[in-house]
Amino acid sequence: MNIHAIIAIFHYEMARALRTALQSIISPVMSTSLYFVVFGAAIGSRIESVEGVSYGAFIVPGLIMLTVMTQGITNAAFGIYFPKFIGSIYEVLSAPVGVVEVVAGYVGAAATKSLIIGIIIMITATFFIDIQIAHPIAMALLLVTICFAFSLFGFIIGIWAQSFEQLQLVPLLIITPLVFLGGSFYSITMLPPFWQTVSLFNPVVYLISAFRWSFFGTADVAIGVSLAAIAAFTTVCIGIIWWIFKTGYRLKS
């Protein structure tokens with residue numbers, strides 16, 4: 001494995017994030033703070049608790065997931081799409097660098113950026129509400145895993161996309177609605193039985209449920225099922241990336 005190649009790609013992508021810090025870091029933090037004000041204060045004052053947890057605290061895991069998922073996808077997608085757009089991707093493909101190094105560099109940087117934003121948002125949340133984490137180690141591992149998994153997904157989107165508009169298509173029209181409907185602001189047990197069943201077909205439910213379990217020790221879905229869903233999603237993304245580099249899909253044309 002070419003460690004120097006991974007570090008070079010990683011540093012380049014992280015430097016790009018620093019150059020656009022206002023958009024990459026400050027903007028999502030400000031947006032999430034507004035969610036805390038609107039949902040946590042305005043709506044939370046009318047809801048006593050959800051599953052024994054104050055509503056303001058209950059929405060914290062969902063808000064973190066909403067941000068790290070969208071940021072992981074966006075950062076990874078743009079990171080690989082821009083070299084395609086300007087043609088520098090051919091230099092990477094012709095260099096003595098393997099698939100593992102390319103993916104590790106781009107995906108690692110995107111996951112790191114989304115992880116940093118997730119941590120900042122968690123710290124920001126403490127200014128609004130009191131947060132108690134029941135399983136801190138599990139929470140940290142889940143956060144890292146989800147950042148990595150959705151950065152892999154974003155990497156796939158960046159290769160698939162043929163325009164800047166397509167880069168935003170999946171995060172805005174698919175991921176964000178799935179997160180909002182995946183129990184980020186409510187427990188699916190609050191829904192009628194039919195809609196509870198429908199919600200189980202939303203893959204984001206399992207991620208939010210597992211992450212919320214690490215905070216409060218309760219979950220809408222059994223933690224084992226959620227972990228299996230996360231592992232399956234990550235494995236599928238890795239398989240698709242392997243196929244892309246093997247066939248050259250939208251990389252060599």
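Throughout, read-outs are computed from the coordinates displayed, never taken from laboratory work. In this text the structure is predicted, and so the values were computed from the model without any measurement. Cβ placement follows ideal geometry from the backbone for every residue including glycine, while neighbour counts extend to all protein chains displayed.
A few points about this structure:
- Against the chain, whose longest principal axis is taken from its Cα atoms, helix 203-216 shows a tilt of about 60°.
- For G217, the residues whose modelled amide H falls within less than 5 Å of its own, excluding neighbours fewer than 5 places apart on the same chain, are A134.
- Percentage, to the nearest whole number, of Cα pairs in the range 3-247 over 23 Å apart: 49 percent
- GNM on the chain, alpha-carbon springs under 10 angstrom: the most fluctuating residue among T32, T235, T112 is T235.
- Close amide H contacts of V50 (hydrogens built in the peptide plane, cut-off under 5 Å, sequence separation of 5 or more or a different chain): Y55.
- Residue-count net charge about G108 - beta-carbon cut-off 13 Å; Lys, Arg +1, Asp, Glu -1: -1
- On Cα atoms only, tilt of 223-247 relative to the major axis of the chain in degrees: 20 degrees
- Candidates P203, P96, P136, ranked by Gaussian network fluctuation over the chain, Cα under 10 Å, top entry: P96
- Rounded to the nearest whole Hz, the Karplus-based 3J(HN,Hα) values (6.51 cos²θ - 1.76 cosθ + 1.60, θ = phi - 60°) of the range 113-129 follow the sequence 5, 5, 5, 4, 5, x, 5, 4, 5, 4, 5, 4, 4, 5, 7, 9, 9, with x at glycine and proline.
- Per-residue HN-Hα couplings for the range 98-106 [Karplus 6.51, -1.76, 1.60; θ = phi - 60°; Hz; x = Gly/Pro]: x, 4, 4, 5, 4, 5, 4, x, 5
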